[in-house]
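A quick write-up on the structure given underneath.
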Amino acid sequence: MSWIAALFVLGLVGTGLFGGRLALDLFVRRMMRPPLRPPVSLPPDMQRRALGVEIEGAADRFHAWLLEPDRAAKGAVVLVHGWGRDAGSMSPLAPSLLERDLACLLVDLPGHGLSGPVSHYHAPRMLDDMLRVRRWLESRPRFAGLPAAVVGFSFGGLGALLSASRDACWRAVAALAAPVGPMEATEIYLRSRYLPASLLRKPIRATISRLLKVDPNAYTAERNLPRVRVPVLLLHGARDPLVPVAHMAGLRAALPPALVTTVRLEEDDHVSILVNPEVHRCLASFLSRHLVV
């Protein structure tokens, strides 16, 4: 939806007309539909060893790439991309994990990458899908009984943390450039389109609650992350213009202090954090410490 159409929605909302409600419904539905983008290809060396798999999700089957280390896997790591991205965008994180004998499952969430399009996607659906991903791993003889961790970037980072707050079977969790909640992520989306996020937040929250029958504020860090009982690694770029580094402080404040480690990357922005070798080393060290016995 163009910014002109979005401003028209804002005008209708301001009038309180029934047409305003319909326009806002349309805007929210469009906002929650993942953008269709060509998937990022895995690097050639990964393509040769990657196994494409299909996982039965909460509402849709979705695609994932399974990468196994040269030796027997000592643990498994699920890598979850951000909004509008895909499994291929998470591939820079995999080599350092494979070197530590950790298998990697790079998922294409429904509506992303090689998974089929969906009309909408949101945090509650991602939580259901993450549970099914972990159960898929448990159903494979090679991974049954192995410790598993979940790593997420941006929107996927929030999903990883929320999943760890509900699913006690994850052994560790890491989040890169993650926002503190769905409505904060929505405000980021609005600001990226030069829309008045503070003015639209309340009507959009009400519309999401009505359409989904769930309050997005039920999925904030403050309400959920105190329940996390596994080690957490938070990484964030100090130059991130999309999800400011202050979000990492908000996540840390919500987590049990003894479980959380934070790493602030002074030279990184929202995207470069994925390709920073220091991030790769920190992530591999953290996960091997908590997964490899």
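The values are calculated or read from the model by the stated rules, or taken from the named source; none is laboratory data. Bear in mind the structure is a predicted one, so any value in this text is a computation, not a measurement. Methodologically, a virtual Cβ is constructed for each residue, glycine included, from the backbone with ideal geometry; neighbour enumeration extends over all protein chains shown. The protein model used for the area step is the full one, side chains on, heavy atoms only, and it has no ligands, DNA or RNA in it. Shrake-Rupley method; radii C 1.70, N 1.55, O 1.52, S 1.80 Å.
Restrict the check to the stretch 146-153 and report whether at least one residue is part of a loop (DSSP other than H, G, I, E, B) and closer than 23 Å to HIS280 by Cα. Checked the stretch 146-153: at least one residue is part of a loop (DSSP other than H, G, I, E, B) and closer than 23 Å to HIS280 by Cα. Looking at the stretch 14-133, the helices (runs of 4 or more DSSP H) lying wholly inside it that each contain 3 or more residues that are aliphatic (A, V, I, L, M) and at pLDDT 95 or above sit at 94-98. For the stretch 140-173, the tally of residues that are modelled with pLDDT under 95 and of a type in the set (Gly, Ala, Ser) stands at 3. Looking only at the stretch 110-130, count every residue that is open to solvent by less than 50 Å² (accessible area, probe 1.4 Å), among the hydrophobic types (A, V, I, L, M, F, W, C) and either in contact with a Pro (Cβ under 7 Å, 6 or more places away or on another chain) or closer than 23 Å to ALA284 by Cα (or both) and tell me the total. Residues flagged as open to solvent by less than 50 Å² (accessible area, probe 1.4 Å), among the hydrophobic types (A, V, I, L, M, F, W, C) and either in contact with a Pro (Cβ under 7 Å, 6 or more places away or on another chain) or closer than 23 Å to ALA284 by Cα (or both) within the stretch 110-130 amount to 3.
Would you confirm whether or not the stretch 209-219 contains a residue that is out of contact with any Pro (no Cβ under 9 Å at 6 or more places or on another chain), modelled with pLDDT of 95 or more and not hydroxyl-bearing (Ser, Thr, Tyr)? Checked the stretch 209-219: no residue is out of contact with any Pro (no Cβ under 9 Å at 6 or more places or on another chain), modelled with pLDDT of 95 or more and not hydroxyl-bearing (Ser, Thr, Tyr). Evaluating SER198 against the criteria (1) under 19 Å from MET248 (Cβ atoms); (2) at pLDDT below 95; (3) not acidic (Asp, Glu) leaves one unmet condition, (1). With respect to the stated conditions, ALA206 fails to be touching a helix residue (DSSP H, G or I) at 6+ places or on another chain (Cβ under 8 Å) and among the hydrophobic types (A, V, I, L, M, F, W, C). Only one of the numbered conditions (1) out of contact with any Lys or Arg (no Cβ under 9 Å at 6 or more places or on another chain); (2) within 30 Å of ARG193 (Cα to Cα) is not met by ARG61, and that is (2).
Of the helices (runs of 4 or more DSSP H) contained entirely in the stretch 176-251, those carrying at least 2 residues that are open to solvent by less than 30 Å² (accessible area, probe 1.4 Å) and under 22 Å from MET31 (Cα atoms) fall at 182-192, 197-212.
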